[in-house]
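Report on the following structure.
Just so you know, all these numbers are worked out from the coordinates, no wet-lab data involved. These numbers were taken from a predicted model, which means no experiment stands behind them. Virtual Cβ from ideal backbone geometry, glycine too; neighbours counted across all protein chains shown.
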Amino acid sequence: MFLTPTREERQVEDVMLVTSGPLIFAAVLCISTGVLIQQNFSVSYPSTSICGLKGSFVDMPCTYSYPSDRHIRETFWHINWFPEAPTDLSLDSKYQGRVEYLGDKVDNCSLRIKDLRDSDTKEKYRFRLTTDDRKGTFSGSEVSLSLADLHVTVSPESVKQGDKVTLTCSTTCSLSNNPTYI
């Protein structure tokens, strides 16, 4: 037996079709700007592409929020998205002693990676938080890391002892921290 939908049922279907477009657009917009939101959970990065100098360090700024009726159990950065239970980056043998969690268990989730290596650029980094609710686990979007070369130019090109010299340092990308050159 075939039942035809009532007028009210057709109107509900129409409303669902009309509203799904803006929701999809909003989700894509949030993901593309480095902000992920799910049931009052959010992780935000000023940039999802960070640049550093090989051998130096880089900070990955990050903030997060979660439902006010929850308590934070665990916060960490990870690189392995699968399996479902990712490993804390500080426990990974390639990063032990080189990562420092600068965040807190309130809203700051910044990470520092020291002694940057070429192999660090092959990974995608994510922040993860877990609350006291079994469904209260959330990972942010990916942050990528690139390494820049440091170029030093001397002016004038030819100098002798006692001459005034200007050294200019430049990189192939904008560095995320304010580097000091020695």
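Summing +1 for each Lys or Arg and -1 for each Asp or Glu, what net charge is found among the other residues whose Cβ lies under 15 Å from the Cβ of residue 89?
For residues surrounding residue 89, the net value is 0.
Using Cα centres only, tell me the gap between region 41-59 and region 129-173 in whole Å.
Value for the Cα centre distance between the two parts: 10 Å.
Size of the dipole of region 57-182 about the Cα centre, Lys and Arg at +1 and Asp and Glu at -1 on the beta carbon, nothing else charged, in debye to 20?
For region 57-182, the charge dipole is close to 60 debye.
Provide the gained length on full extension for the span residue 118 to residue 152, in nm with one decimal, where the gain is 0.36 nm per separating residue minus the Cα-Cα distance. Before the final figure, lay out each step's value.
Working: separation 34, 0.36 × 34 = 12.24 nm, distance 2.07 nm.
Stretched fully, the residue 118-residue 152 segment lengthens by 10.2 nm.
Through the Karplus equation 6.51 cos²θ - 1.76 cosθ + 1.60, θ set to phi - 60°, convert the phi angles of region 156-172 into ³J(HN,Hα) values in whole Hz; use x for Gly and Pro.
Along region 156-172, the couplings run x, 5, 10, 9, 10, 3, x, 6, 7, 10, 10, 9, 10, 9, 9, 10, 7 Hz.
Note the direction-averaged projected area, equal to a quarter of the hull surface, for the Cα convex hull of region 105-157, in nm². If you can, show how the numbers build up before the last one.
On the way: hull surface 25.5 nm².
Orientation-averaged projected area of the Cα hull: 6.4 nm².
Hey, if you put +1 on the Cβ of every Lys and Arg and -1 on every Asp and Glu Cβ in region 101-182, which of 145, 169, 125 ends up farthest toward the positive end of that dipole?
125
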